[in-house]
Amino acid sequence: LTHTDILLGKDSQISEENQARLLEITGRLLKNEPVQYVLGHAWFCGHRFRVRSGVLIPRPETELLVQKALELGREMKGLANSEVLDIGTGSGCIAISMALSGCRVTAMDISESALDVAKENAVELNAEVAFMQENILQPSPVGRQWDIIVSNPPYICLHEAEDMERNVLDYEPHNALFVPDTDPLIF
């Protein structure tokens, strides 16, 4: 709105359609749904990624993992020649960020719905990433080598769930968060 619009009170006028949308958003937030799911996106490494139920919300601390992997790629032989595998890609934020930095990236996930979101993000951000559906705990023979394998796998023990926030427990995919208490380093 322009300054004139605000002085005329247009900032307090809202259409019925926008009122209904605002009520829907408010209701979702009051149920502790993560704001990223409500908005439909999250920011990661300076890029806007689509997120929705079934895909883990990218965390700022995961950006450090990308930075460290990119540093390693530069030290090894230059990013343009680095072959990268992202295991458990989710929204594709790690894989796509690395591809946009010059790496050749393959991304895998067990979840078909997560791969759908990752593919949408790759198209939107114009990133070239090869995607594959795979259970890393029962991998099929690939016959290929990578320079860098990067992953932010599930690592929270199930018994720790009782101390977690409802917005995470009720909305984010448990298969992307939790590992068995008896095998916390399974990945």
message = Could you put 108, 76 in order of accessible surface area, largest first, with the 1.4 Å probe and the full protein assembly present?
response = 76, 108
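For the chain, which longest stretch is free of loop sites, where a loop site is one of the GluC sites (Glu not before Pro) that DSSP puts outside H, G, I, E and B and that has at most 16 other Cβ atoms within 10 Å?
Details: sites that count: 61, 128, 165.
So the longest stretch without any such site is 62-127.
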request  = Calculate the spin-label point distance for residue 164 paired with residue 3, positioning each point 7 Å from the Cα along the beta-carbon direction, and give it in nanometres.
outcome  = 4.9
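Taking 30 Å as R0, compute the FRET efficiency from the Cβ-Cβ separation of residue 10 and residue 35 and round it to 0.05.
Details: r = 26 Å, r/R0 = 0.87.
Efficiency for this residue pair is about 0.70.
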inquiry  = Using protein chains only and a probe of 1.4 angstrom, how many square angstrom of residue 123 are accessible, to the nearest 10?
reply    = 120
ask   = Percent of accessible area on the chain owned by carbon and sulfur, 1.4 Å probe?
value = 53
note = With +1 at each Lys and Arg Cβ and -1 at each Asp and Glu Cβ, the charge dipole magnitude of region 14-126 around its Cα centre, to the nearest 20 debye, comes out at 160
inquiry  = I need the phi-derived Karplus couplings for region 101-111: 6.51 cos²θ - 1.76 cosθ + 1.60, θ = phi - 60°, integer Hz, Gly and Pro marked x.
reply    = 8, x, 7, 9, 10, 10, 10, 10, 7, 7, 8
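What shape does the chain have by the C-alpha gyration tensor, where a ≥ b ≥ c are the square roots of the eigenvalues, rounded means a/c under 1.5, and otherwise prolate means a/b greater than b/c and oblate the rest? Display every interim value, and only then the final one.
Numbers: a/c = 2.52, a/b = 1.54, b/c = 1.64.
Since a/c reaches 1.5 but b/c is at least a/b, the shape of the chain is classed as oblate.
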request  = Any chance you could look up the accessible area of residue 10 with a 1.4 Å probe, heavy atoms only, rounded to 10 Å²?
outcome  = 90
Per residue value of the accessible surface for the chain (all protein chains in place, 1.4 Å probe), Å² = 60
Amide hydrogen neighbours beyond the local backbone of residue 56, cut-off 5 Å, H modeled = 91
ask   = Which of 66, 40, 56 sits farthest toward the positive end of the charge dipole of region 29-77, with +1 on the Cβ of Lys and Arg and -1 on the Cβ of Asp and Glu?
value = 40
message = Report the per residue volume, in Å³, of the convex hull enclosing the C-alpha atoms of region 1-108.
response = 145
remark   = The set of residues whose placed amide H lies less than 5 Å from the amide H of residue 105, leaving out same-chain residues fewer than 5 positions away, is 84, 130
query = Among 125, 159, 142, whose Cα sits farthest toward the positive end of the charge dipole of region 112-162 (+1 at Cβ of Lys/Arg, -1 at Cβ of Asp/Glu, about the Cα centre)?
reply = 142
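Keeping every protein chain in place, order 168, 55 by accessible area at 1.4 Å, biggest value first, i.e. largest first. Walk me through the numbers before you get to the answer.
Details: 168 20, 55 0 Å².
Greatest to least solvent exposure: 168, 55.
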query = What residues qualify as long-range amide H neighbours of residue 149, i.e. H under 5 Å apart, gap of 5 or more or another chain, H built at 1.01 Å from N?
reply = 85
note = Net charge (Lys, Arg +1; Asp, Glu -1) of residues whose beta-carbon lies under 14 Å from that of residue 24, residue 24 excluded, is 0
remark   = Karplus-derived 3J(HN,Hα) from phi for region 38-44 (6.51 cos²θ - 1.76 cosθ + 1.60, θ = phi - 60°), whole Hz, x at Gly and Pro, runs 4, 6, x, 7, 9, 8, 8
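The values are calculated or read from the model by the stated rules, or taken from the named source; none is laboratory data. These numbers come from a predicted model, not from an experiment. For neighbour counting, all protein chains shown are included, and Cβ atoms are generated from backbone atoms with ideal geometry for every residue, glycine included. Accessible surface areas use protein heavy atoms only, side chains included; no ligands, DNA or RNA. Shrake-Rupley method; radii C 1.70, N 1.55, O 1.52, S 1.80 Å.
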